[in-house]
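The structure under discussion appears below in the form of structure tokens.
The values are calculated or read from the model by the stated rules, or taken from the named source; none is laboratory data. These figures come from a predicted structure and were not determined experimentally. Methodologically, a virtual Cβ is constructed for each residue, glycine included, from the backbone with ideal geometry; neighbour enumeration extends over all protein chains shown. Surface accessibility is based on the protein's heavy atoms, side chains included, excluding ligands, DNA and RNA. Shrake-Rupley method; radii C 1.70, N 1.55, O 1.52, S 1.80 Å.
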Amino acid sequence: MRVNNIPPLDLTRQYRQIAEEVDAKVLNILRSGRYIGGQSVADFEIAFTAYIGTQECVGCNSGTDALYLALRALNIGEGDEVITSPFTFIATAETISEVRATPVFVDIDRSTFNLDSDRLEAAITPKTKAILPVHLFGRPADMTGLMAVAQKYNVSVIEDCAQATGAEWMGQKVGNIGNIGCFSFFPTKNLGAFGDGGAVTTNDPEIAAMVRMLKEHGQKQRYIHDAIGVNSRLDALQAAILTIKLRYLDEWNEKRSRLAQRYRELLQSCSQIALPSTPEQGKSVWNQFTIRILSGKRDEVRDRLQEKGISSMIYYPRPLHLQPVYQHLNYQAGQLPNSESVADEVLSLPMFPELSEEEQDRVVYGLKDCF
Ligand SMILES: *Cc1c(COP(=O)(O)O)cnc(C)c1O
């Protein structure tokens, strides 16, 4: 019998579920001749605003652009410092550097993979302009501790919500807690487009207006340019697809949550594995189900799973403070020990709403077989 490989995620299954609706809508737009902006983008911005609960949402080209636009809208630039996590995708810090500010890396909490809010205060300086937490793998960061420090020192908070659309902290959606929320609609995120896309959310109309201006070549009025901006559009096609998919997001996140619970039950007896913790005051949306291999043989486990046709992923193999591009910041190995040890231990198991229990069972047996 031929056994199918288990992918880390399979986007075609989700497409098949909504193909009829999506195909009809896409054809409609193709026939309309209206490919940029228009009602389709406006409709999505309204729907996403309602979903997150903020007053404003501005669509843009990617999660990376959302971060860049947020930093620019807060007038963060040369000489400023932004505190962030070293255990994240490069875009989080890259955009800080892009606006010529300096990323200041603070170590994470090993059990949550997120910024350790108890370490924030020690990193605040007169140059600190913002704290940029990441809700990594779909799990909300400790926004209570973080907001307390931000308020005490009067610095802004930009939430990197790229992996956490729909996640909550104390009953509030992420992206509606700090000053600005930044979302990615890259296909592998919880709310994924069929290409690139992103959004900025905020309750501050001035910030929203600034983002809108900057993403359109710095113009408020056509052909009158007040600032050096960028071209960062959410496509009409992507916006229409996202509006359809947003209606399914809670259902899909619920399925991820059930799979996560099932992984936990099936793997809890395995002493060589540390399971991801579930937030007590919040709700994770499980963009990834990331375990830590405590035997020191993570790469071996990954290879053995691969031999059995089971794909697992390493997010992220090297923390940002030790990346070649940040050598000039002079961080030393050992300086942020939690981020560094976690980078050697993490393994993300297959996780997507359409993963079947049979496939999940194979992942679990395959994994147990490695020890
Ligand atoms: C995906 C991601 C981004 C960037 O989003 P893009 O849409 O790919 O530009 C930023 N931060 C984190 C944590 C991400 O996972």
Ordered by number, the chymotrypsin sites (Phe, Trp or Tyr not before Pro) in region 26-107 that occupy a DSSP loop and have at most 15 other Cβ atoms within 10 Å are Y35
Regarding the chain, what is the average projected area of its C-alpha convex hull, in nm²? 19.4
Region 249-369, accessible area per residue, ligands and nucleic acids excluded (1.4 Å, Å²): 48
What percent does the relative contact order of region 11-246 come to when contacts are Cα pairs within less than 8 Å and at least six residues apart? 26
Can you give the Kirkwood hydrodynamic radius for region 48-153, in Å, rounded to one decimal and based on Cα pairs? 14.4
Which FRET efficiency value, to the nearest 0.05, do you get for K308 and R264 by plugging their Cβ-Cβ distance into 1/(1 + (r/R0)^6) with R0 = 30 Å? 0.90
For region 322-371 and region 65-92, write down the distance between their C-alpha centroids in whole Å. 24
With a probe of 1.4 Å, find how much accessible area region 11-246 has per residue, and write the answer as a whole number in Å². 41
Within the chain: Cβ-based charge dipole about Cα centre, in debye rounded to nearest 20 (Lys, Arg +1; Asp, Glu -1): 480
Reachable lysines, given that their alpha-carbon falls under 22 Å from the alpha-carbon of K297 and they are not under 8 places away in the same chain: K308, K368
For the chain, what does -39500 (n - 2.57) per DSSP helix run (n ≥ 4), summed and divided by total residues, give at 222 nm, in deg cm²/dmol to the nearest 500? -12000 deg cm²/dmol
Two-decimal log10 I(q)/I(0) for region 145-280, as the Debye equation yields it once each C-alpha is a single scatterer, q = 0.21 Å⁻¹: -1.31
With only Lys, Arg, Asp and Glu charged, each at its Cβ (+1 for the first two, -1 for the last two), find how big the charge dipole of region 249-369 is about the Cα centre; round to the nearest 20 debye. 220
Where both partners of a DSSP beta bridge lie in the chain, what percent of those bridges are antiparallel, to the nearest 5? 60
Per-residue ³J(HN,Hα) for region 179-191, Karplus 6.51 cos²θ - 1.76 cosθ + 1.60, θ = phi - 60°, Hz, x for Gly and Pro: 6, 9, x, 10, 10, 10, 10, 3, x, 8, 7, 4, 10
Segments 117-123, 13-19, 326-332 sorted - mean Cβ within 10 Å per residue, highest first: 117-123, 13-19, 326-332
Which links in K220/K283; K220/K255; K25/K255; K25/K220; K215/K255 stretch past 32 Å when you go from one Cα to the other? K220/K283; K220/K255; K215/K255
Counting each pair of different Cα atoms once, what's the Kirkwood radius of region 249-369 in Å, rounded to one decimal? 15.7
When the accessible area of the chain is split by element with a 1.4 Å probe, what percent falls to carbon and sulfur? 47
Packing-wise, with mean Cβ within 10 Å as the measure, how do 93-102, 135-144 rank, highest first? 135-144, 93-102
Largest to smallest accessible area among E280, E206, E81, E265 [probe 1.4 Å]: E280, E206, E265, E81
